[in-house]
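Nothing in this text is a laboratory measurement; each read-out follows from the coordinates by a stated rule. From a predicted model like this one, the values you see are computed outputs, not experimental measurements. Neighbour counts run over all protein chains shown; Cβ positions are idealised from the backbone, glycine included.
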Amino acid sequence: MTTDAQNTKQSWSGLFSAYTKTTTLRMFFLGFSAGLPLLLVLGTLGFWLREAGIDRTTIGYLSWIGLIYGLKWVWAPLVDRLQIPLLSTLLGRRRAWLLSAQLLVIGGLIGMSLSDPSKQVHMIAWFALLVAFGSATQDIALDAFRIESADTKLQGVLAAAYQTGYRFAMIWAGAGALWLAARAQESQANIYDAKGWQFAYLCMAASMSVGLITVFFSKENQFVEKEQLHSFKTWMRVAFLNPFADFIQRYQWQAILILGLIAVYRISDVVMGIMANPFYVDMGYTKDEVASVTKVFGVIMTLVGAFIGGGLTVRFGIHRILMLGAVLSAGSNILFSWLATRGHDVTGLIFVISADNLSSGIASAAFIAYLSSLTNISYSATQYALFSSMMLLIPKWLAGFSGLFVDSYGYQTFFMATAIIGLPVLILVWLVDRQASPPLMPQMEKSDS
């Protein structure tokens with residue numbers, strides 16, 4: 001009895017220590033840099049576009065900009081193996097790519113800040129595409145940097161720290177951008193004013209300095225493999241073919257099952273999320289209400305969920321929390337269907353956002369830890385990019401039709417449909433838990449109990 005109590009105390013003490021490591025704290029700040037661009041080309045941009053009078057169908061189609069995140073596996077081998085002249089010599093391969101990607105994001109955000117979608121929606125789209133490309137490239141390098149920073153046992157903790165920084169960035173890119181736009185606009189609160197949004201996006205570009213500073217004060221991992229490739233053919237084989245062949249060789253037929261789960265695990269959240277901000281505008285919520293409830297309080301609930309999810313994966317294993325996250329993610333969308341019948345109901349919004357974001361945090365932490373556990377450290381950037389790309393490709397494509405669906409059937413039916421499409425995920429999690437076991441993965445320790 002005493003021994004069990006002592007082991008439990010040491011276990012929780014070790015968990016707290018893991019969250020305060022330098023590696024973990026560094027991942028928090030890099031997570032902020034990774035989380036900032038996403039809402040600015042999808043969520044917050046949707047609010048801006050809807051307020052500017054852009055129809056929901058067009059907003060849905062413009063969300064296909066997010067498909068670039070689902071295609072990042074195409075150039076991930078370049079990020080994994082290619083040296084950037086001068087920068088790689090000065091900073092190391094991972095840090096050089098991180099810095100370059102962050103500069104692309106900054107340039108794209110500045111371009112968006114100089115545009116007005118009510119007059120130049122095509123310009124917004126092109127600059128948003130540049131931001132998305134830079135952001136996706138940053139994700140590739142950062143995922144590899146994170147995986148190479150610790151062993152499998154700590155991946156859940158690093159995932160939680162990453163998610164925490166990511167969600168703080170989402171508070172700033174969501175609530176912060178809305179608050180800045182509301183304060184800077186010259187017209188009344190409910191009247192569209194491009195100047196407010198332009199000022200907000202310029203501030204977001206400046207906020208990417210958090211990532212730049214963190215990169216400069218980080219150290220390249222010493223055990224990152226440095227290969228001398230003597231021919232283009234050899235480079236193509238090592239950079240492109242080997243990472244994919246390695247995964248198939250390790251899992252064989254089970255790879256299909258695993259990739260299927262990865263492809264649809266977040267489908268409920270991603271498809272629903274595209275229409276969230278247009279929904280808030282159409283329900284009459286003000287920028288300040290949306291900022292305080294969905295972008296601040298909601299993200300705090302996501303942080304709580306991320307910490308819970310990260311801790312639970314350490315204590316109970318990844319697969320069990322994957323199942324919990326899948327159930328909660330699908331179920332919470334039903335609450336949005338209920339909210340659609342309430343009109344302008346701030347209390348109802350608080351309740352729904354609490355449940356939805358808590359569920360999202362738990363699911364995200366478990367899923368990131370699961371993806372990390374699948375990679376071979378020799379091909380960490382390419383393999384993780386493949387996994388995280390597949391996670392977004394089908395959901396983002398389907399989400400492009402979300403505006404058309406809402407225009408045809410309404411918000412209530414739309415939110416209910418996003419819950420239903422999450423049901424097959426439960427079956428896939430169960431099958432993967434039974435069929436695909438961690439011992440098939442070299443250099444990785446079994447983390448499930």
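Once both labels are positioned 7 Å from their Cα atoms along Cα-to-Cβ, the gap between Leu241 and Glu220 label points is 2.7 nm. Report the one residue of Trp64, Gln102, Pro117 whose Cα lies farthest in the direction of the positive end of the charge dipole of segment 28-440 (charges on C-beta: Lys and Arg +1, Asp and Glu -1; origin at the Cα centre). Working it through, the farthest residue towards the positive pole turns out to be Gln102. Sorting Arg94, Arg237, Arg434 by the number of Cβ atoms found within 10 Å of their own Cβ, with the fewest placed first, yields Arg434, Arg237, Arg94. With neighbours defined as other Cβ atoms within 10 Å of a residue's Cβ, the residues His122, His319 order from fewest to most as His122, His319. Note on Met123 and Gln412: their simple-model spin labels are 4.2 nm apart, each label 7 Å out from Cα toward Cβ.
Residue by residue, segment 323-339 carries 3J(HN,Hα) couplings of 5, 4, x, 5, 5, 5, 5, 5, x, 5, 5, 5, 5, 5, 4, 5, 4 Hz when phi is fed to the Karplus relation 6.51 cos²θ - 1.76 cosθ + 1.60 (θ = phi - 60°); x denotes Gly or Pro. Any chance you could check the Cα centroid distance between segment 22-69 and segment 265-287 for me, in angstrom? What the calculation gives is 12 Å, centre to centre. Here segment 28-440 is treated with +1 on each Lys and Arg Cβ and -1 on each Asp and Glu Cβ, and its dipole about the Cα centre works out to around 760 debye. Could you compute the net charge surrounding Gly43? Neighbours are other residues with a C-beta less than 14 Å from the C-beta of Gly43; K and R count +1, D and E count -1. Counting the neighbours of Gly43, the net charge comes to +2.
Between Val74 and Val346, residue separation times 0.36 nm minus the direct Cα-Cα distance comes to 93.6 nm.
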